[in-house]
1. Subtract the Cα-Cα distance of residue B:51 and residue B:83 from 0.36 nm times their separation in residues, and report this length gain in nm to one decimal.
2. Restricting to Cα pairs below 8 Å that are 6+ residues apart, what does the relative contact order work out to for chain A? Please round to a whole percent.
3. What FRET efficiency do you get for residue A:56 and residue B:14 if R0 is 45 Å and r is their Cβ-Cβ distance, rounded to the nearest 0.05?
4. Just want to confirm a number: the relative contact order over chain B, from Cα pairs under 8 angstrom separated by 6+ residues, in percent.
5. Quick one: plug the Kirkwood hydrodynamic radius of the protein assembly as shown (C-alpha pairs) into Stokes-Einstein at 4 °C, 1.567 mPa s, and report D in µm²/s.
6. Hey, what's the Cα Rg ratio for the range B:25-91 versus the globular rule of thumb, 2.2 N^0.38 Å?
7. What nm distance separates the two modelled labels at residue B:27 and residue A:44, each placed 7 Å from Cα along Cα→Cβ?
8. In nm², what is the average projected area of the convex hull enclosing the Cα atoms of chain B?
């Protein structure tokens, strides 16, 4: 069963504006981690941000923040002040403590930043 | 540079053939993961090893096998190749197997084309 859902196949944002990429997940494990990765056209997978299920505050890393709504099981990525270099595929992922901790990914969202 | 090394970067072969993809994890990382990324299937988890032992299995075909050696490098063997096996194969590593807080560090991938 799909445990990570990214409902936006593609998103467009104007340079310097903020954008939110959606991610919902499904788990019964109380201990899990949520991750966002960026995959530019060159193909490598770049880790962006992490949120633990027990973390009280939303994670932030520079221009990236994670809007974690535990009751809704959502972990949306917010990119502020978009740059042309942010154009890429973005993947939401989850690791569950009771599921051997292998990381499962959503289908991804392709973000295009317009000048 | 994630510190994870994958070879070869590109590989072109014919149907029915067998190939081996190699991965060297980051120094100190005991856990290795293999993923397949194809256009229609997204990032699919194949298999995980921890310190030489198989820890978790995902959507890995019976024609595929993997192992992790005492020096912690890993190999993914793909046999009786079919056109549909054409994909980008990622190796990733992390320090521990049962830590849902740890991000995975990805190699640059091996792009396999089956003709």
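1. Between residue B:51 and residue B:83, full extension yields 8.3 nm more.
2. Reported relative contact order: 37 percent.
3. Numbers: r = 55 Å, r/R0 = 1.22.
Step by step, r from the Cβ atoms, then E = 0.25.
4. Details: 296 pairs, mean separation 42.8, N = 115.
That works out to 37 percent.
5. On the way: Rh = 18.1 Å.
Calculated translational D: 72 µm²/s.
6. 1.11
7. Reported label-point gap for residue B:27 and residue A:44 is 1.8 nm.
8. Values: hull surface 26.5 nm².
Result: a mean projected hull area of 6.6 nm².
Every read-out reported here was derived from the displayed coordinates using simple, explicitly stated rules and does not represent laboratory data. In this text the structure is predicted, and so the values were computed from the model without any measurement. Glycine gets a Cβ as well: all are built from the backbone with ideal geometry, and neighbour counts include every protein chain shown.
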